[in-house]
Each structure stands twice: as structure tokens, then as C-alpha cells.
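Here's the structure, in C-alpha cells; my notes come after.
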Amino acid sequence: MNALSAQSPLLSARDVKVHLRVHGRVVKAVDGVDLDVYPGQCVGIVGESGSGKSTLGRAMTRLLPNVELAELSGSVSFCGDDVLAMAPEAMRALRRHRGFSMVFQDPLSYLNPTLRIDRQLAEALRHLPDRRAVQQKSEDLLRQVGLDDTARILRLYPHELSGGMRQRVMIAMALAPDPQMLVADEPTTALDATVQYQVIQMLRRLNNERNLAMLIITHDLGMIAELCDQVYVMHGGKIVETADVFTLFDAPQNDYTASLLAAARRLHQTKALGDAAMAVQPLP
Amino acid sequence: MSIPILSARSIVKSFAGRSWFGGAGSAKRAVDDVDLDVNEGETLAIVGESGSGKSTLARILLGLTRSTAGEVAYYGQSIDAFTALDWLTFRKAVQPIFQDPASSLNPRMRVHTTLSNVLLRHRLATRDTLGPMITDLLGSVGLDANQFHDRYTHQLSGGQQQRIAIARAMAVRPRLIIADEPLSSLDMSVQAQILDLLDSLKSSHNLGLVLISHDLNVVDAISDRVIVMYLGKIVEAGPTRQVLGNPANDYTRSLLAAKLVADPHIARQRRLAMDALIGKHPEPTIQGAPQ
């Protein structure tokens with residue numbers, strides 16, 4: 001971790017406020033948040049529904065609809081550029097090349113049901129010179145997310161894929177612009193346990209092998225424990241605690257963090273399971 | 001040993017496969033030769049991932065879907081031989097709780113209407129006793145009657161909605177509750193509360209409880225016996241401690257391995273052992289079982 005703090009952060013948010021107008025009232029969804037993501041680091045934002053974690057993620061990636069905003073202030077800098085003040089054209093350039101990509105919870109609502117996977121991937125690869133290059137890069141991307149049967153999958157429609165395959169395709173599309181950072185909002189919540197585990201491990205590999213920085217937004221402390229280096233706990237629009245993952249779980253300083261951990265442990269570490277999970281035999 | 005509340009023998013449910021132009025395709029077995037018993041005061045968990053047939057099985061147990069083959073019996077009497085009166089008793093005695101409380105409650109009804117409809121329909125209350133009964137019911141699920149009596153569904157949080165759904169199920173004094181993923185739409189801290197509520201209601205009323213879940217943490221915390229399903233078949237069954245503590249089946253072991261632990265030390269130690277185990281049971285697609 002010490003090596004990280006010597007570098008300058010990839011993404012740096014200071015005093016970010018997002019106040020929404022809901023039925024004439026102002027809701028302080030995000031109320032003064034500071035957050036840093038260093039190159040190659042995996043950062044988690046954890047909170048319950050209504051904590052403002054998704055709104056924060058969308059604000060930092062400029063995906064908030066303007067209409068309902070009462071206030072959007074603070075600064076979010078990515079590689080030194082202020083994202084919140086960026087012109088739309090510059091923003092598009094940042095998303096297209098070496099910037100950041102987003103992955104959401106429900107892949108089915110982000111994939112076009114009428115297009116085969118190859119067409120959808122090609123849309124994210126428009127910067128490539130010809131069809132051969134697109135084909136090659138598509139297959140390469142699918143292999144990176146663990147889909148090895150590339151020729152078949154490229155010819156399928158989204159409804160023909162399982163939930164786990166759809167989320168992998170979404171992540172492949174997110175990797176197309178060769179981003180430096182991936183922002184994932186509940187990327188595995190809609191998936192089955194075994195599939196969830198595989199997607200998490202795939203994210204872990206991307207993080208290690210490509211040195212891809214990640215910002216994981218989730219309610220699941222198990223996922224945080226599995227994947228993240230640094231954790232921000234969010235409650236009522238504010239960051240109530242931040243620490244590296246081991247410190248946070250071993251010695252939470254904040255009462256709310258402690259209560260979240262207690263609830264998770266009530267469900268995560270009970271009777272037989274604690275031992276069984278540890279006692280899983282490695283297969284030859 | 002007493003007669004089980006509900007028992008199922010050799011249950012099969014197949015859905016006709018479709019091919020283009022309406023020709024007959026191959027049939028798909030959503031539930032394939034399932035046996036189970038639920039006794040009074042017992043929690044039986046049915047575990048499986050999507051496509052395992054666990055929700056189809058729940059609908060068959062509730063008498064909402066007819067099985068293709070096999071028999072469901074309520075206290076030894078087959079539901080195929082039920083008269084209209086038997087069905088009335090059965091509908092009272094076996095109550096469902098669903099995953100999404102918001103869609104199982106009528107948005108146009110206030111809380112007291114939701115509950116009084118059930119009580120009046122089954123003639124469990126008169127106009128005079130209705131008020132106190134609703135107050136008691138709300139109290140039993142941990143809600144203050146004065147505060148919640150007149151609320152609409154949208155004025156309740158997810159956890160409160162699920163409590164109302166539980167109160168509605170408890171209103172008719174059931175023998176058995178079949179809960180299909182009752183926690184998965186709720187926040188973690190609320191999950192723990194609802195879990196405690198279900199467990200205490202079960203103990204105090206000597207209910208049978210069938211808990212359908214994909215979440216092994218929940219199953220481990222509450223159930224006495226567990227059935228593990230994969231692609232419509234039971235792959236392992238037995239006491240919870242034995243199945244989850246010392247699983248005999250590969251699929252059960254991979255489910256256990258995939259369980260996330262809220263402890264970064266354990267999570268990182270386990271990684272190597274897990275990687276080898278997971279991935280041997282592919283996820284089914286809409287098209288059917290994986291090849």
C-alpha cells in the first residue's frame with residue numbers, strides 16, 4: 001500500500017455534493033465526499049440502499065441525468081482533468097480511449113435485444129480500422145472475460161446467454177476502449193453464487209494482470225472482503241469511514257461500520273458453515 | 001413419528017419444449033423425481049441456483065401448479081383427491097411468502113384492509129374483534145399498529161412490507177409456511193431481522209417452514225434439514241449440519257466454495273482451493289440445460 005500512496009491518484013474526488021430535487025424537496029444524496037483511486041488499486045464503496053453510493057458512482061462518471069439536480073458541486077479529477085467541468089466532446093474522448101468504463105447490475109437492460117453479440121461489441125470498437133481487426137479484438141476481449149467459445153458466442157443474441165455470460169459480455173464491452181479504470185455498480189448482485197464467485201475472480205485477474213484500477217460499488221461486504229484493497233463506507237450521503245480492507249474488517253472505528261459488519265457476520269459466519277468453507281479440499 | 005404436514009413423492013414437472021412453427025420439441029424436466037417431507041416445527045431448506053427448479057417445486061407444493069407425475073399429500077391425504085372444502089382448509093393451512101413483498105401486496109389497500117380481508121374471508125374475526133386482532137398481528141411481526149394501520153404499501157420500507165406479508169400469512173393461523181426467497185430483495189441488516197422473525201414465529205407456533213433460497217448463509221442460520229437441487233434433481237439431502245458441514249456431493253461443495261465470507265483474511269486464504277472446485281457445474285441458459 002505504501003508504494004501506492006507515493007503515486008498520484010488516477011481518480012480523485014473532493015467534496016462532491018449531489019443534491020437531487022424530489023417532489024419539490026431537496027434530497028442530499030451525496031453530501032461532501034472525498035475519495036481517491038490509485039492506478040491498479042481496487043476500491044470498494046459499501047453501503048445499504050439509499051446510502052447514495054450509486055449516485056456517487058454516477059456523478060463521478062458523469063452519468064447523472066441533469067434534470068433532477070438541485071446541486072452538483074465539488075471536483076472529480078481523472079488523470080488531472082476535472083471530469084465535472086469537462087465539455088461533452090472531451091468526456092466522450094475520455095470514455096472512448098484510456099478513460100473509464102462502467103458496468104451495471106442488470107446486463108439485460110444494457111444489451112440491445114435485437115442485435116447479436118458481435119454487432120454490439122463492434123459498436124464499442126468503432127475506432128479500429130477494419131472488420132478483421134474488430135473480429136480479432138472481439139474474440140480477444142471475450143477470452144479475457146473467460147468466454148473461450150468465442151465463435152459461437154459472437155453469433156448469439158443476449159436472450160440466448162445465461163446471466164453470468166451476459167455480465168461477462170458487458171465487462172468485455174467495458175474493456176473495449178482499453179480503460180484505466182472500471183467502475184462496477186453491483187456487478188454480481190443478479191447472479192447465482194457460483195457464477196458470482198467466478199465473475200469476482202475474473203475481475204480480480206483483470207485487476208492484477210492488466211493493472212486495471214477498479215471502483216466497486218456494492219452492498220455486499222463479502223464481495224468487498226474478496227476483492228478490494230481500500231474500502232469507503234457510505235451512510236446517508238457521507239463517507240463514515242475509510243480504511244484498507246484488513247483494518248476495516250478487523251478494527252472498525254465507526255459504529256455504523258461495526259453494525260454493518262455484525263449484520264454480515266450474523267449471516268456469513270454461522271454454525272457449520274464457517275468451518276466447512278475453510279475445510280474445502282483443493283482438487284488435484 | 002407423526003405424519004408430515006406435507007409430503008411429496010416422485011414429483012416430476014415437465015414443460016413441453018417448443019420448436020419453430022409450433023412443432024413438438026423435446027420436453028424439459030424442471031423438476032425431476034423429487035421426494036420430500038416437512039414436519040411440524042421443522043424448517044426445511046431447498047437450495048439451488050437459477051434453473052434448479054426450486055421455485056417450480058414451491059408452486060407444486062402450494063398447489064398452484066399441477067405436477068406432471070407424482071403425488072403431494074397434506075397430512076397423508078393426496079391433494080389430487082381434494083374436494084372444494086379440502087382446498088379451503090389447505091389454502092388456510094399452507095401459506096406462501098414471496099420474494100418481492102411490494103408485488104405481493106395490493107398497492108391500493110391500506111395495511112388494515114390487507115389484513116382484515118384475509119381475516120373476514122376465512123371467518124376468523126367479526127367486525128368487533130377485527131381491530132384488536134389486527135393490532136395483535138402487527139405486534140407479532142414487530143410493527144406498531146398505531147403507526148402502520150393506515151399506511152399504503154408504498155409508504156413502507158422493503159423490510160416493513162415483508163413484515164406485512166408475513167403478518168398476512170400468519171393471520172389465518174397456518175400449519176406450514178412456504179417462503180420463496182423471502183430475504184433476497186432486502187438489505188443485509190434487514191435480512192437478519194426478518195430471519196429472526198421467521199424463526200421465532202416458527203418456534204412459538206410450532207409451524208413447519210419451507211425456505212427456498214439460493215443463499216447458504218440464510219439456510220445455515222435457520223434450517224434443520226436441507227435439500228440441494230441442480231437442474232431439477234435432488235443432488236444431496238440431509239440434516240443441515242451434515243450437508244453444509246460435510247458435503248458429499250461435488251455441486252454442494254462448489255456452492256459452499258462460492259459462498260462469500262465477510263472476512264478478508266479467510267477470503268484470500270481460500271482462493272486457491274476454490275479456483276479448482278468451481279466451474280464444473282455450468283449455469284443453465286433459457287435454452288435449457290448446458291451441454
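The values are calculated or read from the model by the stated rules, or taken from the named source; none is laboratory data. Note that the structure is a prediction, hence the values are computed from the model and not measured. Here Cβ is always computed from backbone atoms with ideal geometry, including for glycine, and neighbour counts include all displayed protein chains. These area figures cover heavy atoms from the full protein model, side chains too; ligands, DNA and RNA do not enter into them. Shrake-Rupley method; radii C 1.70, N 1.55, O 1.52, S 1.80 Å.
Add +1 for every Lys or Arg and -1 for every Asp or Glu among the other residues with Cβ under 15 Å from the Cβ of B:Ser7, and state the total.
-4
At q = 0.11, 0.12 Å⁻¹, what base-10 log of I(q)/I(0) does the Debye formula yield for chain A when every alpha carbon is treated as an equal point scatterer in vacuo?
Each listed q maps to, in turn, -0.69, -0.82.
Can you give the extra length, in nm with one decimal, that the chain gains between B:His122 and B:Arg271 once fully stretched, where that is 0.36 nm per residue apart less the Cα-Cα distance?
Length gained between B:His122 and B:Arg271: 48.3 nm.
Pairs of alpha-carbon atoms within less than 8 angstrom and 6+ residues apart define the contacts here; what relative contact order does segment B:1-127 have, in percent?
25
Hey, how many Å between the Cα centroid of segment B:39-68 and the Cα centroid of segment A:11-30?
Going from one Cα centre to the other spans 44 Å.
Percentage of Cα-Cα pair distances in segment B:28-67 greater than 11 Å, rounded to whole percent?
The proportion of pairs with Cα distances above 11 Å equals 69 percent.
Counting only heavy atoms of protein chains, what accessible area per residue, in Å², does segment A:89-132 have with a probe of 1.4 Å?
For segment A:89-132, the per-residue accessible area is 67 Å².
Mind checking which of A:Met91, A:Thr114, A:Gly50 is farthest towards the positive end of segment A:1-126's charge dipole, using Cβ charges of +1 (Lys, Arg) and -1 (Asp, Glu) about the Cα centre?
Of A:Met91, A:Thr114, A:Gly50, it is A:Thr114.
Within 10 Å of each Cβ in B:212-225, how many Cβ atoms from other chains are there, averaged over the peptide?
3
Which percent of the accessible heavy-atom area of the protein assembly as shown goes to carbon and sulfur, probe 1.4 angstrom?
Carbon-and-sulfur percentage of accessible area, whole number: 49.
Averaged per residue, what accessible area in Å² does segment B:103-181 show with a 1.4 Å probe, protein chains only?
Value for segment B:103-181: 49 Å² per residue.
Ratio of segment A:67-180's C-alpha Rg to 2.2 N^0.38 Å, to two decimals?
Here the answer is 1.20, to two decimals.
Is the shape of segment A:178-257 rounded, prolate or oblate, going by the alpha carbon gyration tensor and its root eigenvalues a ≥ b ≥ c, with a/c under 1.5 for rounded and a/b larger than b/c for prolate?
Since a/c reaches 1.5 and a/b is larger than b/c, the shape of segment A:178-257 is classed as prolate.
For segment A:1-116, what ratio Rg/Rh do Cα atoms give with a Kirkwood hydrodynamic radius?
We get a ratio of 0.99 for segment A:1-116.
Can you give the calculated 222 nm mean residue ellipticity of chain A, where each DSSP H run of n ≥ 4 adds -39,500 (n - 2.57) and the sum is split over every residue, rounded to the nearest 500 deg cm²/dmol?
-11500 deg cm²/dmol, from helical runs alone.
Can you tell me the order of B:203-210, B:238-245 when each peptide is scored by its average per-residue count of other Cβ atoms within 10 angstrom, highest first?
B:238-245, B:203-210
How long are the semi-axes of the equivalent ellipsoid of the protein assembly as shown, defined as square roots of 5 times the Cα gyration tensor eigenvalues? Whole Å, largest first.
Those come to 42, 30, 24 Å.
Please compute the contact order of chain A in relative form: average sequence separation of alpha-carbon pairs under 8 Å and at least six residues apart, divided by the residue count, as a percent.
Relative CO of chain A lands at 25 percent.
Cut-off under 17 Å on the C-alpha distance; same-chain residues fewer than 8 positions from B:Lys13 excluded. Which aspartates and glutamates are left, in chain and number order?
B:Asp32, B:Asp33, B:Asp35, B:Glu71, B:Asp80
Hey, in the GNM for chain A with a 10 angstrom Cα cutoff, which one of A:Leu161, A:Leu212, A:Leu221 fluctuates hardest?
With Cα springs under 10 Å in chain A, the top fluctuation among A:Leu161, A:Leu212, A:Leu221 is at A:Leu161.
Residue farthest toward the positive end of the dipole of the protein assembly as shown, with Cβ of Lys/Arg at +1 and Asp/Glu at -1: which of B:Thr113, A:Val33, A:Thr194?
Towards the positive end, the residue furthest out is B:Thr113.
In terms of the ratio Rg/(2.2 N^0.38 Å) built on C-alpha atoms, what value belongs to chain B?
Its radius of gyration relative to the 2.2 N^0.38 Å reference: 1.07.
Semi-axes of the equivalent ellipsoid of segment B:73-175: what are they in whole Å, largest first, if each equals the square root of 5 times a C-alpha gyration tensor eigenvalue?
Semi-axis lengths for segment B:73-175 are 26, 16, 11 Å.
Which distance in Å, rounded to a whole number, links the C-alpha centroids of segment A:220-254 and segment B:140-167?
Using only Cα atoms, the two centres lie 31 Å from each other.
Please give me the summed charge of the neighbours of B:Ser116: other residues whose Cβ is under 10 Å from its Cβ, Lys and Arg +1, Asp and Glu -1.
For residues surrounding B:Ser116, the net value is +3.
Assuming 1.002 mPa s and 20 °C, estimate D for segment B:100-255 with Stokes-Einstein, Rh taken as the Kirkwood radius over Cα pairs, in µm²/s.
Reported coefficient: 126 µm²/s.
If you take every DSSP beta bridge whose two residues both sit in the protein assembly as shown, what share of them, in percent to the nearest 5, is antiparallel?
60
Where the centroid of each part is defined by its Cα atoms, how far is segment A:140-206 from segment B:76-138 in Å?
Comparing the Cα centres of segment A:140-206 and segment B:76-138, I get a distance of 44 Å.
How do the peptides B:219-231, A:7-19 rank, highest first, by the average count of neighbouring beta carbon atoms within 10 Å per residue?
Ranking, from highest mean packing down: B:219-231, A:7-19.
Counting pairs of alpha carbon atoms under 8 Å apart in space and at least six apart in sequence, what relative contact order in percent does chain B give?
Averaging sequence separation for qualifying contacts and normalising by length gives 23 percent for chain B.
How big is segment A:82-145 along each principal axis, measuring the range of its Cα positions in Å and listing the largest first?
For segment A:82-145, the Cα spread along each principal axis is 36, 31, 23 Å.
Compare the peptides B:54-63, B:174-183, A:118-127, A:32-41 by average per-residue count of other Cβ atoms within 10 angstrom and give them in order, highest first.
The peptides rank, most packed first, as B:174-183, B:54-63, A:32-41, A:118-127.
Counting partner chain Cβ atoms within 10 Å of every residue's Cβ in A:195-203, what's the average?
4
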